[in-house]
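Here's the structure, in structure tokens; my notes come after.
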Amino acid sequence: MLNFAFYLVVVTLGILSMGFQLLGSRLLSPHFGSSIVVWAWLISTFLAAFSVGSMVGGWISNLPAERRHRGQWIAAAIALSSLAFTVIGGRAALDQIELTFPVTGTGLLVSCASLFFVPVAALSCFGPQCVQFLAARGTPPGQASGLVYGVSTLGNIAGVMLTAFALIPNFRVSTLLYGWLIVAAAGLVALLRLLRAPTAS
Amino acid sequence: MKTSLLCGLALFVTSVQAAPSGDYVERYDTLYNSLTIERVGSVVEMRARAHGGEALESAVDLSDPLKLVIAYSHTLFSGLFFQPTPARVLMIGLGGAGFHRLFTAAYPQALLQTVELDAKVFELCQSHLGFKPTAQTPVAVLDGRLFVKRNREKWDWLILDAFRGGFVPPHLKTEEFYRECAARLEDRGVFISNLHSGTELFYSDLKTIQAVFPQVVMFQTAGRGNVIVCAVKYRSPVVTDPARWPATATLARPLFAGRLDLDAVRQEHGALPLTSIRAARVLTDDFAPVEFLDAMKTNNTKNR
């Protein structure tokens with residue numbers, strides 16, 4: 001049961017992160033178009049966020065238990081508050097950024113950094129925590145890493161397909177972003193509880 | 001041996017691409033399109049590979065560049081019924097500049113500013129379709145919406161003819177974008193858009209345009225899936241009644257003779273499909289599932 005809940009949360013966070021990328025492209029397009037330049041900045045931002053998030057998450061996962069838990073709560077709080085900023089104030093921020101930075105590349109850099117980098121990096125912090133969770137319960141580290149990233153990537157695929165073929169055709173982007181925020185909050189609360197669950201030993 | 005063979009092959013390919021004389025077919029993968037340039041006789045076509053075949057983007061007859069080869073480019077001149085003296089025209093989407101030659105020859109004092117996203121399209125248009133931009137026909141390589149936002153000038157005609165492989169990017173289909181276009185029109189200016197009929201997207205397009213422009217008039221290009229929509233931002237005088245349009249004789253230019261029949265364009269006027277429009281949804285920046293409303297079902301793929 002614990003394992004089922006754990007993998008469900010990992011899949012859900014995978015769905016959120018890549019689906020968020022597609023929603024991000026819809027947020028950016030009225031301001032910067034939908035050219036390959038926009039996609040290059042968007043994809044690079046997400047990859048940079050995955051990278052930084054994984055490294056910070058790896059560092060957090062090696063902290064003593066009390067500090068690790070504090071780090072996890074801080075990461076969750078940053079993820080949710082920055083996601084809330086994007087959901088609630090994203091369009092207004094883009095209006096302002098577009099006026100302030102007439103050069104497309106600079107505008108895109110500032111937009112992607114301010115709206116997408118922080119929430120995705122904060123969410124990515126939890127990848128190494130999840131590996132630690134399995135490893136602490138007896139799964140060999142290599143296998144734990146493979147399982148977490150394999151399951152998470154399946155969630156990524158589901159996120160892309162679900163968002164592209166089911167959600168965007170039927171719902172407003174703003175509605176979907178609020179949905180993302182709610183699901184992210186539920187997923188992170190569940191994950192934080194799971195990560196505090198005592199190990200069998 | 002291998003090296004010389006490769007060098008020879010490279011030289012052959014280079015020479016084929018550098019000297020486009022006689023019939024040829026060339027293919028280019030650009031940042032945004034997969035294009036085919038085909039010359040048969042004096043006619044050069046620019047096509048974009050798309051779902052189910054190739055969408056004909058543009059064509060020019062090099063023996064008579066003023067000739068309007070593509071059917072819908074005739075219909076674009078329907079703007080004359082609403083703004084008969086176009087001095088400043090903004091066109092979003094260059095293609096092969098099939099419309100530009102006759103327009104600039106007929107209105108030599110007019111400014112025809114074009115915005116094209118794909119730099120390679122602009123390059124091919126010059127190298128293969130004989131287009132030479134001038135001070136009267138400048139081309140900006142930029143996203144159309146960005147240009148409309150950043151350029152604060154006003155236009156008599158604003159033509160939206162931006163296709164990428166047969167469909168229009170979603171951000172050029174929304175109510176917010178049309179409002180930005182309306183803001184760039186002169187008080188008596190006309191917004192002209194090339195649409196594809198026969199899909200759900202078509203009705204959403206019309207409903208979205210109607211949400212911004214109080215008066216909308218539709219022209220169905222004869223025998224094709226293209227529909228040219230002309231829209232104005234004023235309610236009075238009424239322009240939806242063809243009886244109130246200027247006589248075609250007063251609009252015709254000498255260069256139109258044998259190339260553009262405005263009476264035939266007038267005949268393409270059709271009634272708006274109001275029942276279907278009522279059932280359609282307005283496209284906005286927040287909700288624009290353009291790809292899923294399927295712009296590709298009816299296209300100018302097969303014929304000119």
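Only the coordinates and a few stated rules stand behind these numbers; no lab work does. The shown structure was predicted, so the numbers you read here are calculated from the model rather than taken from an experiment. FYI the Cβ positions are ideal-geometry reconstructions off the backbone, even for glycines, and counts take in every protein chain you see.
Annotations for the structure displayed:
- Net lengthening on full extension, A:Thr153/A:Trp39 (0.36 nm per residue, minus Cα-Cα): 39.0 nm
- Within 10 Å of each Cβ in B:137-143, the average number of Cβ atoms from other chains: 2
- Measuring nothing but how far apart in sequence close Cα pairs (under 8 Å, 6+ apart) lie, relative to its length, chain B scores a relative contact order of 19 percent.
- For A:Phe171, A:Phe32, order by how many other beta-carbon atoms lie within 10 Å, fewest first: A:Phe171, A:Phe32
- Note on A:Tyr178 and A:Met55: their simple-model spin labels are 3.8 nm apart, each label 7 Å out from Cα toward Cβ.
- Mean residue ellipticity (222 nm) of chain A, computed from DSSP H runs ≥ 4 via -39,500 (n - 2.57), nearest 500: -28500 deg cm²/dmol
- Neighbouring Cβ atoms from other chains, within 10 Å of the Cβ of residues in B:28-36, number 1 on average.
- Highest average first, the peptides B:247-258, A:177-188, B:204-215 ordered by how many other beta carbon atoms sit within 10 Å of their residues are B:204-215, A:177-188, B:247-258.
- Dipole check for region A:2-196: with +1 at the C-beta of Lys and Arg, -1 at the C-beta of Asp and Glu, and the Cα centre as origin, the magnitude is about 440 Debye.
- Restricting attention to chain B, close to 65% of DSSP beta bridges with both partner residues there are antiparallel.
- The protein assembly as shown - share of DSSP beta bridges that are antiparallel (%, nearest 5): 65
- Sorted by Cβ density within 10 Å, fewest first, the residues B:Trp157, B:Trp245: B:Trp245, B:Trp157
- For the pair region A:165-182 and region A:51-87, the centres of their Cα atoms are 25 angstrom apart.
- Farthest positive-ward along the protein assembly as shown dipole, Cα basis, beta-carbon charges - from A:Ala65, B:Leu262, B:Val282: A:Ala65
- Chain B - mean residue ellipticity at 222 nm from DSSP helices (-39,500 (n - 2.57) per run, n ≥ 4, rounded to 500): -7500 deg cm²/dmol
- A:Ser81-A:Arg196 FRET efficiency (beta carbon distance; Förster radius 30 Å; 0.05 resolution): 0.90
- A:Phe101 paired with B:Ala264, simple spin-label distance in nm, labels 7 Å along Cα-to-beta-carbon: 5.1
- The Rg/Rh ratio for the protein assembly as shown is 1.07, where Rg is the radius of gyration of the alpha carbons and Rh is the Kirkwood radius.
- For peptide B:146-155, the mean count of partner chain Cβ atoms within 10 Å of a residue's Cβ comes to 2.
- Among B:Ile92, B:Ile277, B:Ile192, residue whose mean-square fluctuation peaks in a GNM of chain B (springs only between Cα atoms under 10 Å): B:Ile277
- Relative contact order (percent, whole number), region B:173-230, Cα cutoff 8 Å, 6+ residue spacing: 41
- Considering only A:Thr104, A:Phe46, A:Leu134, and ranking their Cα positions along the charge dipole of region A:2-196 that arises from unit charges at the beta-carbon of Lys, Arg, Asp and Glu, the one farthest toward the positive end is A:Leu134.
- When only the Cβ of Lys, Arg, Asp and Glu is charged (+1, +1, -1, -1), the dipole of the protein assembly as shown relative to its Cα centre reaches about 860 debye.
- Angle in degrees between helix A:36-61 and the longest Cα principal axis of chain A, rounded to the nearest 10: 20
- Least to most buried among A:Val103, A:Val131 (fewest other Cβ within 10 Å first): A:Val103, A:Val131
- Mean-position separation - Cα centroids, region B:71-138 and region B:216-245, in angstrom: 20
- Under the span-like rule (Cα at least 20 Å along the axis, Kyte-Doolittle mean at least 0.0), DSSP H helices of chain B: B:2-18
- Among B:Phe103, B:Gly198, B:Phe131 the positive-end extreme of the charge dipole of chain B (Cβ point charges): B:Phe103
- Remark: relative contact order (region A:2-196) = 41 percent; criterion is Cα-Cα distance under 8 angstrom and separation of 6 or more residues.
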